[in-house]
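The structure appears right after this line, and notes come after that.
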Amino acid sequence: MDAASAWAAAKGAAYRPSRGYEAGMSLTLYFHPLSSYCQKVLIALYEAGTPFATVVVNFGDAESAASFRKLWPVGKMPVLRDAALDRTVPESSIIIEYLGQHYPRGTALIPADPDQALRTRLADRFYDLYVHDPMQRIVGDRLRPDGAKDPTGVAAAQAMLRQSYDVIDAEMAGRTWAAGDAFTLADCAAAPPLFFSSKLVPFGERHNLQAYFRRLSRRPSVARAFNEAEPFLKFFPG
């Protein structure tokens, strides 16, 4: 779970799910709408049209926090609970792969071709490690009290984001989506951190990156996840 969503949850921000969430399903997603890693899984679920229920985790509520940590002691969102198979699945990329293996429908987010699948997983790792992580480090620092700031760490995170932007801008000169011509797991990973990081470190004159992010934002699954986070953006320190 990222710092901004933790902050929103700690404030006890209310959440009412949009139409399309379904009760009584085998799959339950434990999440918060502002969490970028939770948005990554939401995008995958919306791409596939997979029915699922939701539980919003509020770390500002002792009962909600204790219940979630009983399910997953690490205390990180998102987590998928599959009642039918009696499985608890943490970690966003693993959840998306699990859904593709056990509940395949709609868009195949992991290509069948082994080489293309590796390219997709590499791009997923790239966005998690070199866009998502530095974005969250900057957000976390902004939420720290005075006297506990880490300007050196923030400068390094900003530099990493700029370097990653350069890589994406170069790659997108010849691609439609993160791993090629098809929307995949990698694009689910790319959209949320790019949305937040652009508010912290602007894209600048990287026109291919700008065009890619516009394509992402217009994708119905991505737009839906972003729209559902809208009421919570006031908690984002960007």
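Read-outs throughout are calculated quantities, based only on the coordinates presented, and are distinct from any laboratory measurement. The structure presented is a predicted model; accordingly, all values stated were derived computationally and were not measured. Glycine gets a Cβ as well: all are built from the backbone with ideal geometry, and neighbour counts include every protein chain shown.
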For Ala117 and Leu129, extending 7 Å from Cα along the Cα-Cβ vector and measuring point to point gives, in nm, a value of 2.0 nm
Which residues qualify? For Ala178, with a placed amide H closer than 5 Å and at least 5 residues away or on another chain, they are Thr184, Asp187
Okay, helix-only estimate at 222 nm for the chain: each DSSP H run of n ≥ 4 adds -39500 (n - 2.57), divide by all residues, round to 500 deg cm²/dmol; what do you get?
-16500 deg cm²/dmol
log₁₀ I(q)/I(0) of segment 77-176 at q = 0.11, 0.18, 0.24 Å⁻¹, via Debye over equal Cα point scatterers, no solvent, to two decimals?
-0.51, -0.98, -1.21
Tally the DSSP beta bridges in the chain and give the antiparallel ones as a percent, rounded to 5.
65 percent
Excluding residues fewer than 8 positions from Lys40 in its own chain, the lysines with Cα under 16 Å of it are Lys76
Scale the Cα Rg of the chain by the rule-of-thumb value 2.2 N^0.38 Å and send over the ratio, two decimals.
0.99
Using only the Cα atoms, what convex hull volume per residue in Å³ does segment 114-235 have?
103 Å³
Please arrange Ser26, Ser35 by how many other C-beta atoms lie within 10 Å of their C-beta, fewest to most.
Ser26, Ser35
Relative contact order (%) - criterion: Cα under 8 Å, at least six apart; region: the chain:
24 percent
If you rank Ile43, Ile95 by fewest surrounding Cβ atoms within 10 Å, what's the result?
Ile95, Ile43
If amide hydrogens are placed 1.01 Å from N in the peptide plane, which non-local residues have theirs closer than 5 Å to the one on Asp150?
none
Proxy exposure order for Ser217, Ser36, Ser164 (fewest C-beta within 10 Å first) is Ser217, Ser164, Ser36
